[in-house]
Structure formats: structure tokens, C-alpha cells
Amino acid sequence: MTPALLLVGYGNVARRFVRLLDESRAALAALGVYPVIVGVATRRHGCVFDGRGLSAGDIDDLLVPQETPLPSSVRFITESLEALRAVPGLTPVVVETTTLDVVAGEPATSHVRAALAGGAHVISANKGPVAFAHRALAAEAQAAGRSFLFEGAVMDGIPVFNLVRDTMPAVNVRGFRGVVNSTTNFILTAMERGEAFGDALARMQADGIAEADASLDVDGWDAAAKAAALANVLLDADTTPQAVDREGIGPDTGALAVAARERGHRLKLVATGSGRGADVSVRVRLEELPADDPLAILEGPANAIEFDTWPLGRVVMMQRDGGLEITAYALLSDMVTISRRARLGDA
């Protein structure tokens, strides 16, 4: 299979994804996957398209700051997918990595809709579409006979959604609890050691892990969007980040973290969901956890999530390391999943 990748957004994650594709060429070829990047759309540096393929160098050379208003990204997706129909042997895949919008999940949701309407599969590391419109988008993808995958939306490359969808058949997920924001966990553990809030946040921004708008992390919006996404997919909810009972962290939280540690506990920002359908309850709150709690042992940018299931009981997944390549891997993993589905369909 030759996925023709149309990248919508070209920030830190998308750039790392492009490099990871080159680093993984041999491994992908062994799986029968031969991706080619055919287009990139950005907010400030224009758009580029070439159905014959673009290298990382091509993209960097062609994307330049724009002084005039850019064409609509939805229009770019639509026109690019129309052009790809003339190129045989390609499977169009739109890769959505624009910045999270916690108000309405736009324009990412419109990007997904345009891609599905144009006959493309969609891979997203953006939490917005699944946090605001999962039910509708899943139905649109099914009607179009296309995949809408978003493993990178929660816990980066750790297969949270794949775990339930592909390896836990007939399991009922009754709830979840987790530390799902790397930046706030890093800051909380740093403040336990006496580091200033601002210094710890600056380190995460320098590493490209913290959101461009730091308030999305520290005010709890990123965790709320992930909690809404988990609830929508695993608990059949139809909620949004705005409906999540939310709190964040700030400079004053350091004293609380230190005091909890002195009592033998750990202070964590925990995302929790329980119930099903219209009865789902979702929150993101600071919690003081016993030292032996699986969420309490997390250090630095580590994340973990615990599923309450029947009949398997409680299942915990932990991500000890963070980094852009982990989120980029989620995109690569979803691309391989699309290829596998295509082969099964052909069979």
C-alpha cells in the first residue's frame, strides 16, 4: 500500500513524523507500507502540493511566511484530494496535527469532515475532533468506508484506543482514571523538589512537549479534552471539554505538592470518567494519592491510565518516557492500521 499523506498542520509533531517516516522506511517496507508525502497545509507558511511526492527538504524550501491571507485549509484538502484521484496507486490519508481548540474543536473537525467527504482516511493527533464530535465523525467515516483514527490524541503513542478496540473483545469498560498530561505531571514532580513553577514549565516548552499556549496544559484544558475523548470513545458519551469538571495547577500548587509528599502521598492532576452514555461523569481534579497508587509513582513527564473493566477488572497502562517521537509514532501506527485494514478488505 502507498499512503499519500496530506499533512494539515506542520508544527513540532508533524515535523518529527516526517523524520520518523524516513527513519522507519525499512520497517514499513517489511509491512508492505510505502508512504509518500504529497502535501502540507499550514496556517502561516502557506500550502504545498505535489502528487509525485515531497521530501522534508522540499517542504522546508517551499513553505515560507505568507503576507497575504492564505486559502482555506478545507479548500486545500478538497482540491488536493481531487488532484490525487488522477494519480493511480495511491491511498489518500489526511494527517491532522493542528493546535487544539477547546472552544469548539475547530478547524480540526472541519478538516476531518472535508477529508472523509473527499474519500480520504484520517489520522489525527488533535484531540479536538474526537473530544467534540466523535459520534458524528465516526458515523461519517463508516458511511464513507474510511478510517478515522486518533491514537495520538491521548497518551501519545501508547495504544489506548487500540488496546480496547483490537485486543479486548467483548470487554465492558465501566470507567477510567489517569494522569494524561505530561506537562502538569512534570511540573508537579519538579515543584515537589523545590523547583519554581515557571522554570519547570519553561523546560517543557523548550523540549516542545508543552502546548504552544501553556494555559491549555496548566489550566487543565488538555487533560479535559483527553478525558472527553476517552469518555466519548470508551463510555459512549457525547460530551465536550467544556462540560468536564476541571481544574489546573499554578505556582501556588507547589506548596500543596510538597505537603502531600511530606505526608507520604503524591499530588496528581487526575482525569476520571465513569458511567455510560448520557449518565457519564467526567472530571479533571487535583487528587492526593497514596504512595502505592499506580498513578502516584509517576515521575516527570510520565503518564498512566487505569481502566475499570468487566470481566478483566482493573487494567493499567503506563508511559514512562515522553517526547515528540512518541506522538509521531502514534501517527505512524495509525497509518499501518489503515494499511492492514485495506489488506483485510482486499482479502
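Return yes or no: is Leu62 of a type outside the set (S, T, N, Q) and out of contact with any Gly (no Cβ under 7 Å at 6 or more places or on another chain)? The answer is yes for Leu62.
In the condition set (1) under 18 Å from Ala153 (Cα atoms); (2) assigned to a strand (DSSP E or B), Pro301 is compliant with all but (2). Within segment 8-30, if we keep just the residues that are in contact with a Ser or Thr (Cβ under 7 Å, 6 or more places away or on another chain) and outside any helix (DSSP H, G or I), the residue that is farthest from Glu325 (Cα to Cα) turns out to be Val8.
Any residue at all in segment 143-152 that is in contact with a strand residue (DSSP E or B) (Cβ under 9 Å, 6 or more places away or on another chain), at pLDDT 95 or above, under 22 Å from Arg16 (Cα atoms) and among the aromatic types (Phe, Trp, Tyr)? Yes.
Of the residues making up segment 240-267, those that are within 13 Å of Ala296 (Cα to Cα), in contact with an Asp or Glu (Cβ under 6 Å, 6 or more places away or on another chain) and not in a helix (DSSP H, G or I) number 2. Criterion applied to Leu295, Leu324, Leu312, Leu286 was being closer than 22 Å to Asn162 by Cβ, hydrophobic (A, V, I, L, M, F, W, C) and surrounded by fewer than 20 Cβ atoms within 10 Å (Cβ to Cβ), and the one residue passing it is Leu312. Just so you know, in segment 131-162 the residues that are touching a residue at least 12 places away in the same chain (Cβ under 8 Å) and of a type in the set (S, T, N, Q) include one that is surrounded by the fewest Cβ atoms within 10 Å (Cβ to Cβ), and it is Asn162.
Using the structure shown, decide if Asp199 is assigned to a helix (DSSP H, G or I), of a type outside the set (A, V, I, L, M), out of contact with any strand residue (DSSP E or B) (no Cβ under 6 Å at 6 or more places or on another chain) and closer than 30 Å to Thr309 by Cβ. In short, no. Close Cβ contacts (under 8 Å, 6 or more residues apart or on different chains) running from residues in segment 233-247 that are more than 13 Å from Gly175 (Cβ to Cβ) to residues that are among the aromatic types (Phe, Trp, Tyr) comprise Val233/Phe161; Thr240/Phe132; Pro241/Phe132; Pro241/Trp221; Arg246/Trp221.
The C-beta contact set for segment 13-39 (first residue surrounded by fewer than 17 Cβ atoms within 10 Å (Cβ to Cβ), second residue in a helix (DSSP H, G or I) and among the β-branched types (Val, Ile, Thr), distance under 7 angstrom, 6+ apart or interchain) comprises Leu31/Val336. Residues of segment 291-317 that are in contact with a Leu (Cβ under 9 Å, 6 or more places away or on another chain) and either more than 28 Å from Val258 (Cβ to Cβ) or not assigned by TED's automatic domain parsing to the domain that holds Met204 (or both): Phe307, Val315, Met317. Kindly check whether there is at least one residue in segment 222-236 that is surrounded by fewer than 21 Cβ atoms within 10 Å (Cβ to Cβ), modelled with pLDDT of 90 or more and either basic (Lys, Arg) or outside any helix (DSSP H, G or I) (or both). Looking through segment 222-236, at least one residue is surrounded by fewer than 21 Cβ atoms within 10 Å (Cβ to Cβ), modelled with pLDDT of 90 or more and either basic (Lys, Arg) or outside any helix (DSSP H, G or I) (or both).
The values are calculated or read from the model by the stated rules, or taken from the named source; none is laboratory data. What you see is a predicted model; the values in this text were computed from it and never measured. For neighbour counting, all protein chains shown are included, and Cβ atoms are generated from backbone atoms with ideal geometry for every residue, glycine included.
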